[in-house]
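A quick write-up on the structure given underneath.
The values are calculated or read from the model by the stated rules, or taken from the named source; none is laboratory data. Just so it is clear, the structure is predicted and the values come from calculations on it, not from any experiment. Every residue, glycine among them, receives a Cβ derived from its backbone with ideal geometry; neighbour counts consider all protein chains shown. For accessibility, only protein heavy atoms count, side chains too; no ligands or nucleic acids. Shrake-Rupley method; radii C 1.70, N 1.55, O 1.52, S 1.80 Å.
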Amino acid sequence: MIESKEIISELAEPIENSGFELYGICKAFVPEEDKTKILSWVKNGNHGRMDWYPKNMELRLEFKNIGFEARSVIVLGTIYNDPEYDKISKTMSFRFSKYAIGEDYHRVLKKSAASLLETLQKKYPHHRFRQGVDSLPVPEKVLAREAGLGWIGKNTNLIHPEFGSFFFLTVLLTDLPIHTVAVSVRDRCGTCTACLDACPTGALRPYEIDAGKCISHHTLEDRSDVIPDTFGWIAGCDICQDVCPWNRVKAAKKGVRTRREEFKARALFRENPDSILGFDEEDFRGNFGDSAISRMSFSMFRRNVELCKRSIEREKES
């Protein structure tokens with residue numbers, strides 16, 4: 001049995017050199033309370049149009065069928081917040097989530113962790129490792145919380161007391177037995193209800209989200225021809241994170257920003273963001289083919305744009 005402090009001490013430098021600011025280790029185990037909550041969330045239909053979510057529950061909750069028996073999880077986080085984009089976004093006539101203004105985080109995180117995986121495989125040649133970046137249906141936020149990377153807030157996002165919540169997660173599942181000591185970050189949401197009050201669709205209740213009411217879900221997951229008002233958002237939604245004091249005050253004062261050029265606003269946003277509203281399919285593929293929204297179909301994109309334009313017109317009229 002390897003001590004988590006020992007392996008973290010050995011891996012700290014290669015992890016940080018790979019661009020990850022947050023890291024921790026936990027058992028490959030989902031607490032019963034979380035299992036019950038996830039199953040209840042699905043049973044109540046709060047997963048909206050995400051028909052894929054109820055599938056592979058054995059993998060999601062028990063880590064079954066991944067090719068080996070997972071015993072430990074190394075959780076990594078990397079900041080994607082770009083304060084310069086906050087300034088740019090104030091001049092835009094539409095709204096676009098921070099997580100999608102740069103390159104596709106799935107590709108970036110897989111590439112970043114490649115050398116770390118190679119280091120682990122060389123050091124522990126008789127053990128197995130498998131990375132997940134949304135590609136494995138495992139509860140990444142729960143695992144990150146168990147690894148001490150933060151607490152899950154009232155807006156259901158993982159919040160770090162120093163870095164806020166604008167960071168991506170990736171997990172490395174392994175059959176390597178690592179002895180971990182429970183590390184918990186105290187829930188510091190307190191009596192604050194900023195995120196709940198700011199959500200214009202009422203998608204949030206304390207520590208629970210109804211995905212079927214969420215703007216991000218409408219823009220990215222719902223493939224229907226007609227969707228509810230997205231309040232000017234074309235891709236995703238940052239409202240519940242933008243109003244959170246741990247982003248708006250704490251992280252802002254510390255000047256928390258991404259170190260990765262890949263996550264900073266691409267030239268399009270800096271130079272002529274409103275041109276996005278007139279994109280044809282070629283423009284869309286050419287500009288966002290390497291973005292996290294590339295899984296959005298062009299018809300969904302145009303649907304979101306037209307809905308956004310109507311919101312803009314309503315604002316002008318009022």
Given a 1.4 Å probe, how much area per residue of the chain is accessible, in Å²?
49
Placing +1 at every Lys and Arg Cβ and -1 at every Asp and Glu Cβ, with all other atoms neutral, what dipole size does the chain have around its Cα centre, in debye to the nearest 20?
420
Any chance you could check the Cα centroid distance between region 1-71 and region 82-108 for me, in angstrom?
27
In region 30-134, what GluC sites (Glu not before Pro) fall in a loop by DSSP, with at most 14 other Cβ atoms inside 10 Å?
E69
Where does the Debye-calculated log10 I(q)/I(0) of region 112-164 sit at q = 0.21, 0.25, 0.28 Å⁻¹, using only Cα point scatterers of equal weight, no solvent?
-0.89, -0.99, -1.05
Coordinate range along principal axes, alpha carbons of region 186-250, Å, largest first:
42, 20, 17
Give me a comma-separated list of calculated 3J(HN,Hα) values for region 129-135, in order, Karplus coefficients 6.51, -1.76, 1.60 applied at θ = phi - 60°, integers in Hz, x for any Gly or Pro.
9, 9, 8, x, 10, 6, 7
Each residue of region 153-170 in order: what ³J(HN,Hα) in whole Hz does its phi give by Karplus 6.51 cos²θ - 1.76 cosθ + 1.60, θ = phi - 60°, with x for Gly and Pro?
x, 5, 8, 6, 8, 6, 10, 9, x, 10, 9, x, 10, 7, 9, 8, 10, 9
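With an 8 Å cut-off on Cα pairs and a minimum separation of 6 or more residues, tell me the relative contact order of the chain in percent.
Once divided by the residue count of the chain, the mean separation gives 26 percent.
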Can you list, bin by bin at 20 Å, the percent of alpha carbon pairs in the chain, starting at 0?
30, 59, 10, 0
Helix 105-123: inclination vs the chain longest Cα principal axis, degrees, rounded to 10, gives 10
Taking N as its residue count, the alpha carbon Rg of region 276-317 over 2.2 N^0.38 Å
1.27
Principal-axis tilt of helix 298-317 within the chain, Cα atoms, nearest 10 degrees:
50
Under the definition of Cα pairs under 8 Å and six or more residues apart, what whole-number percent is the relative contact order of region 193-317?
31
Can you compute the charge dipole magnitude of region 193-317 about its Cα centre, using +1 on each Lys and Arg Cβ and -1 on each Asp and Glu Cβ, nothing else charged? Give it in debye, rounded to the nearest 20.
720
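Out of region 1-77, which trypsin sites (Lys or Arg not before Pro) are coil in DSSP terms and have no more than 13 other C-beta atoms within 10 Å?
K55, K64
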In percent, how large is the relative contact order of region 34-135, given Cα pairs closer than 8 Å and 6 or more residues apart?
15
Run lengths n ≥ 4 of DSSP H only: what is the helix-derived mean residue ellipticity at 222 nm for the chain, with -39500 (n - 2.57) per run over all residues, to the nearest 500?
-10000 deg cm²/dmol
Taking 1 over the mean of 1/r across every pair of different Cα atoms in region 193-317, what Kirkwood radius in Å do you get?
16.2
Whole-Hz ³J(HN,Hα) from phi, Karplus 6.51 cos²θ - 1.76 cosθ + 1.60, for region 10-27, glycine and proline x:
6, 9, 3, 5, x, 5, 5, 5, 7, x, 9, 8, 10, 7, x, 10, 9, 5
Amide H of A235: which non-local residues (sequence gap of 5 or more, or other chain) have their own amide H closer than 5 Å, using H built in the peptide plane?
S97
If you scale each eigenvalue of the Cα gyration tensor by 5 and take the root, what three semi-axes come out for region 35-128, rounded to whole angstrom and sorted largest first?
32, 26, 10
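Can you give the alpha-carbon Rg of region 234-301 over 2.2 N^0.38 Å, where N counts its residues?
Rounded to two decimals, the normalised Rg is 1.35.
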